[in-house]
Amino acid sequence: MNYFFHQYKFFFFSLLLAVNFLLAGCSFIGEKNPELKSQDLGVNVPFFPVKQVWSAKIGAVDKMPLAVRVNGAMVTVASADGVIAAIDVRTGKDIWRAMLKEPLNAGVGSDGQFAAVVSSANDLVVFEAGHEKWRQRLTAQVFTSPLVAGRRVFVLTAEYGIMAFDAKDGRHLWAQQKTGGNLALRQSSVFIAVGNTLVTGISGRLIGLDPDTGTVRWDVPFSVPRGTNDVERLVDLVGNPSRLGDSFCVRSFQTAVGCVDISRGVVSWIQKANGFDGVDGDDTLLYGSESNGAVLAWRRTDGTLVWMTDRLRHRRLTAPLLLGRSVVFGDDGGEVHFLSREDGSPLNRLTTDSSGVSVSPVVAADTLVVVSRAGYVYGFRPD
């Protein structure tokens with residue numbers, strides 16, 4: 001009897017720890033285990049030269065999900081302590097910078113004119129040219145960066161509420177409340193504009209909404225919750241999807257990766273996958289990484305595994321970025337890896353700082369922009 005009692009206590013305690021970790025944040029997922037050593041990458045042999053051309057500082061971003069927004073030659077970034085900055089990637093200089101003076105839970109969304117963040121007090125705050133324009137108190141926490149599009153600001157809450165506001169004056173336009181699991185990731189979900197449709201992830205479903213009214217246009221079950229407890233049943237869709245025409249590819253948290261035909265509202269294919277960050281792809285392949293650092297490429301049309309490399313195993317990788325003939329990942333050691341899109345072989349490696357790369361790199365005006373957890377923003381260009 002004592003044996004079964006202790007076994008039950010161990011299971012309950014483990015479940016409680018898992019729930020607390022998920023509610024507190026996802027930064028622990030995929031972090032290095034000191035007993036699992038990364039492979040020595042050896043001497044870097046760059047197949048094409050790239051050099052750092054500028055750097056900037058915004059403040060640490062390791063305690064919040066950050067999205068880097070690209071609008072022409074401008075990137076907009078935000079730090080956990082409330083700094084919001086629009087940076088000209090041609091020079092690395094600020095176009096504008098604002099200080100909210102309160103921590104952020106999610107940031108940043110921008111269309112180039114308006115920028116939106118959500119504070120730890122659940123305030124949606126919108127800036128224009130570096131000046132606070134308006135704010136609205138939300139009824140739930142937000143971990144997905146707001147979306148600014150069509151002169152509106154859209155918000156997805158951790159309780160699966162979706163709201164739309166007028167970007168100019170903050171007027172509330174509409175709201176939808178969806179149902180999902182009992183737990184939500186402290187991590188960005190799918191939340192983007194596709195043509196004239198607002199596409200979002202609600203638990204394991206991909207949903208298309210009319211941005212003018214919030215009416216559901218289509219609803220595709222992507223990943224079905226399974227398991228005996230809320231942790232095992234967590235199948236939230238995570239940010240950084242890949243869209244090409246009607247092919248919309250996405251990852252379900254540590255469960256699956258696959259593609260949906262959004263013109264017909266059906267799943268094209270789905271494969272088991274144990275990753276926790278988004279994907280990127282072209283018309284031939286879809287790329288992503290597993291939680292152990294393995295990098296995979298699937299055929300976009302049917303999900304067949306084309307290649308896999310474990311060269312970056314036991315490194316916490318960002319979502320990928322396609323850049324020329326490379327697929328680019330940042331890691332938790334501050335390295336930026338360029339792998340061949342054809343077979344995953346190494347093409348180049350760049351170094352930032354030891355705090356690690358916090359979010360998938362982006363490209364703006366021929367400049368590769370990388371943000372570290374310590375809040376350094378780096379600009380790289382071909383040499």
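Values as computed for the structure displayed
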{"item": "Selection count, the stretch 45-75, where residues are under 15 Å from the mean Cα position of the chain (by Cα) and of a type in the set (V, I, T)", "result": "3"}
{"item": "Subset of the stretch 264-287 (residues that are buried (at least 20 other Cβ atoms within 10 Å of the Cβ) and part of a loop (DSSP other than H, G, I, E, B))", "result": "A273, G275, F276, D277, G278, V279"}
{"item": "Failed item, numbered, when V61 is tested on (1) more than 25 Å from V194 (Cβ to Cβ); (2) touching a strand residue (DSSP E or B) at 6+ places or on another chain (Cβ under 7 Å); (3) surrounded by fewer than 24 Cβ atoms within 10 Å (Cβ to Cβ)", "result": "(3)"}
{"item": "Residues that are of a type in the set (S, T, Y) and out of contact with any Gly (no Cβ under 8 Å at 6 or more places or on another chain), drawn from the stretch 135-161", "result": "T157"}
{"item": "Qualifying residue in the stretch 168-177 (condition: in contact with a Ser or Thr (Cβ under 8 Å, 6 or more places away or on another chain) and either buried (at least 17 other Cβ atoms within 10 Å of the Cβ) or part of a strand (DSSP E or B) (or both))", "result": "yes"}
{"item": "Residue satisfying condition, being surrounded by fewer than 22 Cβ atoms within 10 Å (Cβ to Cβ) and either not charged (D, E, K, R) or not in a strand (DSSP E or B) (or both), within set A121, A164, A116, A106", "result": "A121"}
{"item": "Test: residue in the stretch 176-185 that is within 30 Å of L104 (Cα to Cα) and either in contact with a Gly (Cβ under 7 Å, 6 or more places away or on another chain) or at pLDDT 95 or above (or both)", "result": "yes"}
{"item": "Identity of the residue in the stretch 85-96, without any contact (Cβ under 8 Å) to a residue 60 or more places away in the chain and more than 23 Å from the chain's Cα centre (by Cα), that ends up surrounded by the fewest Cβ atoms within 10 Å (Cβ to Cβ)", "result": "K93"}
{"item": "Those residues of the stretch 31-58 which are assigned to a loop (DSSP other than H, G, I, E, B), modelled with pLDDT of 90 or more and crowded, with 16+ Cβ neighbours inside 10 Å, in sequence order", "result": "I58"}
{"item": "Subset of the stretch 184-213 [assigned to a loop (DSSP other than H, G, I, E, B) and surrounded by fewer than 17 Cβ atoms within 10 Å (Cβ to Cβ)]", "result": "G195, N196, D210, D212, T213"}
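The values are calculated or read from the model by the stated rules, or taken from the named source; none is laboratory data. Given the structure is predicted, the values throughout are model-derived calculations rather than measurements. A quick note on method: Cβ atoms are made from the backbone with ideal geometry, for glycine too, and the neighbour counts reach across all protein chains shown.
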